[in-house]
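In what follows, a structure is listed as structure tokens, so that the remarks can point back to it.
Values quoted throughout were computed directly from the atomic coordinates according to the rules given, and no laboratory measurement underlies them. Every value quoted in this text rests on a predicted model; they were computed, and no experiment measured them. Methodologically, a virtual Cβ is constructed for each residue, glycine included, from the backbone with ideal geometry; neighbour enumeration extends over all protein chains shown.
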Amino acid sequence: MIIAENKQKKVVSSHDFDSVSCTIDAEDMRYVASLLRNNYSNTQLAVIREISANALDANLEANSKRKIEVSLPTRMQSNFCVRDFGGGLSKEDVFGLYSKYGKSTKRQSNNYIGAFGIGKFAPLSYGENFTCVSYHGGFKTSYNIFVNEEDDTKIVELHQEPSSEPTGLCIEVAISDSDIEKFRDTCQKFFKFFPEKDMPKFLGVESNFIEKQKILLSSKKDDWFFLESTNTRYYGYGNSSRSHVIMGRVSYPLDPNAIDVKNYVKDDRQINIIESLLQESNFYLRVPLGCVKLHHSREALEYNKPTQKFIVQLMLEVVQEIQAIAKEKLADSADLFQAKANYAKIINSMPDSLQRAFRNSFEWNGIKIDSFGFSRPYGMTDDLVLTQTEKVSDRDARNGFKVKSHKVANINCRDNVIFLVQDIESSHGNNLRARTLFNQDSDLEVIYFIHAKTDTAQSVIDNEWNFNLIDDSHIKYCSNVAKEKPQIGVRKGSGSRANIPLFEMKDDKGGYGYRNIDYWSNVADDISALQSQKNPKGLVNGKYIYVPIKNYKIDHKSLDLNAVYKKASGIRKLAQDKSQEKSFRLFGVRSGDVSKLDKSLWVSFFDFYADFAKTYLKLNLKSAKTSYGSIIASKDSELHTLMNEVRYDIGAIFNNNNVKLDSLGEDHLMVQSKQKYNTIIHDNESPTCRAYIAYLLANGHQDWVDFNFNGSFSAKQMKKDINAIISTYPMLTYVGSSVNNYRGNRKVYQQIIDYIQMVDKN
């Protein structure tokens with residue numbers, strides 16, 4: 001709460017005009033009170049927020065050391081209750097202070113959350129009454145607070161008895177059965193940012209009811225942070241393009257359109273970062289009480305000039321910290337090439353939320369780093385020629401690879417890349433020069449040829465790209481690189497297996513595994529030592545499992561590093577305890593060395609995964625057949641269209657368990673079709689089976705899948721059956737479209753069965 005400023009306004013009048021002070025007549029208070037009671041867009045959140053805030057304020061005012069207690073509604077006990085351990089209220093306080101709309105004792109301090117004097121009536125926005133129990137002066141007194149037929153707010157004393165309970169208030173709100181889960185969910189989201197000292201004691205819930213927030217990045221003072229979560233909804237606010245302010249433990253979404261950053265910041269780069277942050281749903285600002293102004297509903301901020309200015313100033317501090325962090329991350333880069341390569345690694349490892357915030361914040365040696373490499377200026381295609389040359393594996397080609405080249409507009413700085421400056425006139429023989437470099441460095445993947453044909457182009461390289469800041473290890477010159485000379489008559493050997501380097505994929509890479517190397521650990525033993533172990537660990541059926549890698553990445557047409565990691569983890573989770581599959585080791589072998597492996601001792605992970613998938617599917621045959629049927633159905637466009645057409649009529653009957661179709665007999669067309677509709681078209685039985693089948697289908701195992709699971713479902717027959725239902729029982733398309741509106745009318749459900757049986761008889 002911002003303390004209201006008591007400004008002395010001096011109004012100068014040129015004439016002695018008549019005047020009057022504006023007030024509210026007694027007969028209009030009923031209407032005003034109704035407006036104040038019902039000014040919340042999310043009544044469930046309002047109940048939780050306002051009652052809890054008042055409870056925390058009461059504890060603070062009384063210097064209570066006990067936590068407030070929150071009881072969540074259940075099927076057995078449907079009240080939402082908040083108990084504080086403040087001073088409680090006397091009858092005079094309840095009938096006096098508590099009964100007044102807008103009356104508050106907290107406006108002269110920013111230590112309290114509430115100060116508007118209307119939050120105490122928030123439960124009346126949800127229901128027509130609630131209970132206030134006051135423990136005060138050795139008595140327990142219960143009051144009913146309600147809205148009568150005339151729309152007046154009333155407080156009635158219900159009961160009083162002696163009590164030795166600690167002083168304080170307990171607010172009890174009756175919750176509808178249909179809202180119980182919503183209240184639990186809203187509570188979890190509302191309290192998730194509360195510090196431990198203010199976190200309520202929750203009664204009747206699991207110990208981990210409030211999940212600890214996973215912070216991706218935060219400031220040293222913890223006044224801003226990025227959440228790891230990607231959830232874009234926060235109790236009642238579904239706008240995914242909003243950051244948040246946390247004040248008084250409560251999170252409020254920021255409206256980016258309500259803050260005019262340009263009024264307070266002149267630097268374009270800083271403006272861009274701030275505007276990006278304002279639209280980042282996982283970014284949170286933590287501000288002290290009273291720093292920003294709240295709407296009287298306390299559901300949102302009021303964006304007056306002081307509030308805007310404060311937020312932007314705080315954002316500027318965030319920007320400065322982010323820029324400092326970004327600068328620090330590139331500080332160890334040896335040269336400009338490495339700075340850009342590190343920028344690429346850092347940016348690519350970040351979630352989208354951090355990428356947007358950091359993208360324009362990096363700096364190295366006073367140079368802004370905002371790209372992975374260098375881009376040729378527009379209109380200089382003929383002046384500055386850039387050629388990307390790649391090494392492509394080909395066993396039939398010389399030295400096992402061929403060279404491919406094509407013109408590009410950008411050159412990128414990353415591992416296993418080198419710049420080759422064409423300092424000679426002709427480009428003839430450049431591919432042979434590339435082959436020389438590829439032969440010298442087996443890890444080298446891409447060479448960028450750079451040819452400046454004009455002085456203007458050379459100026460771009462020298463002055464705009466700052467090539468003088470790139471170390472010689474990343475730049476070579478054509479004049480110093482010899483063309484490869486083919487070796488004639490030399491037999492290519494298989495090579496020694498003893499020197500093949502091995503890597504082992506970690507069971508738990510920890511964190512996000514931003515870098516490819518984070519997934520791997522080095523294997524100390526060479527392949528010969530590994531294969532000669534007396535009691536080797538991690539084998540399956542007597543074989544080691546490997547996956548081909550290049551630069552720590554998986555060398556596969558469709559599976560990346562993280563996909564293989566997840567698939568390996570999935571096998572270990574599903575495998576039986578103490579089985580070989582439970583504890584298998586996955587080795588990474590460089591693609592160029594795979595041919596050197598003894599295939600009697602090694603099996604590829606992709607073959608191993610396919611074999612495991614087949615075994616699992618056979619053990620879960622029913623679910624596998626259902627999943628395969630679902631896959632077949634999803635690929636039939638005609639069936640898909642038909643299912644959409646009957647979704648709200650025939651489908652509604654299938655999905656309504658009150659319509660006892662089973663009474664027609666298990667062989668009836670309606671019963672058989674219902675089973676296929678619910679288990680095939682809406683397959684949720686086994687996502688694992690579906691994933692394994694999809695993998696097998698995509699990787700050359702169609703025949704095996706067809707042999708084992710075909711015949712379980714026919715899209716053609718399903719279309720025939722649905723059309724037969726439509727033509728045989730035409731009234732179902734009319735009745736079915738409104739069957740869900742007949743809740744509780746058992747006669748209608750039975751009449752559907754009667755109609756089907758009548759048609760069958762005829």
request  = Return the FRET efficiency for the residue pair D370, N468: r is the Cβ-Cβ distance, R0 is 25 Å, and the value is rounded to the nearest 0.05.
outcome  = 0.80
message = Using 0.36 nm times the number of residues separating D255 and E149, minus their current alpha carbon distance, what extension gain do you get?
response = 34.3 nm
Derived scalar couplings ³J(HN,Hα) [the range 358-370; Karplus, 6.51 cos²θ - 1.76 cosθ + 1.60; whole Hz; x for Gly, Pro] = 9, 3, 9, 10, 7, 8, 9, 6, x, 9, 5, 10, 9
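Could you pull out the pairs from K578/K622; K404/K553; K212/K340; K220/K266 whose alpha carbons sit more than 28 Å apart here?
K212/K340
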ask   = Using the beta-carbon distance between Q188 and K582 and R0 = 41 Å, what value does 1/(1 + (r/R0)^6) give for FRET efficiency, to the nearest 0.05?
value = 0.75
ask   = Residue separation times 0.36 nm, minus the C-alpha to C-alpha distance between R398 and K599: what's the value?
value = 69.9 nm
query = How far is it, in nm, from the label point at S426 to the one at N658 when both lie 7 Å from their Cα along the line to the Cβ?
reply = 8.8 nm
key: Computed label-point distance, nm, for sites N263 and A724 using a 7 Å Cα→Cβ extension   = 7.1 nm
request  = Report the paramagnetic label zone for H295: residues of the range 247-287 whose backbone N is under 15 Å from a point 7 Å from Cα along the Cα-to-Cβ axis.
outcome  = 251-259
remark   = With a Förster distance of 60 angstrom and the Cβ-Cβ distance between K220 and F707, calculated FRET efficiency to the nearest 0.05 equals 0.45
query = Rounded, prolate or oblate: which one fits the range 215-330, using the alpha carbon gyration tensor with axes a ≥ b ≥ c (rounded when a/c is under 1.5, else prolate when a/b beats b/c, else oblate)?
reply = oblate
remark   = Cβ density ranking, 10 Å radius, fewest first, applied to E317, E69 yields E317, E69
ask   = Most exposed first by the Cβ proxy, i.e. fewest other Cβ within 10 Å, how do E484, E149, E666, E165 rank?
value = E149, E666, E165, E484
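Multiplying the sequence separation of Y734 and L619 by 0.36 nm and subtracting their Cα-Cα distance, what value in nm do you get? Intermediate results must be reported in sequence, preceding the final value.
Values: separation 115, 0.36 × 115 = 41.40 nm, distance 4.30 nm.
Result: 37.1 nm gained on full extension.
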task = Taking every Cα atom in the range 502-609, find the radius of gyration and the maximum pairwise distance Dmax, and write them in Å.
result = 13.2, 36
query = Sorted from fewest to most neighbouring beta carbons within 10 Å, what does the list K65, K329, K582 look like?
reply = K65, K582, K329
inquiry  = Taking loop as defined by DSSP and a crowding limit of 11 other beta carbons within 10 Å, which trypsin sites (Lys or Arg not before Pro) in the range 162-208 fit?
reply    = K197
inquiry  = Suppose each label sits 7 Å from its Cα in the direction of the beta carbon; what would the Q320-K553 distance come out to in nanometres?
reply    = 4.0 nm
query = For the range 397-436, what does the alpha-carbon gyration tensor say about shape, rounded, prolate or oblate, given a ≥ b ≥ c as the root eigenvalues, a/c under 1.5 as rounded, and a/b over b/c as prolate?
reply = oblate
note = Counting sequence-distant residues (5 or more places) and residues on other chains, those with an amide H built under 5 Å from that of I470 are L336
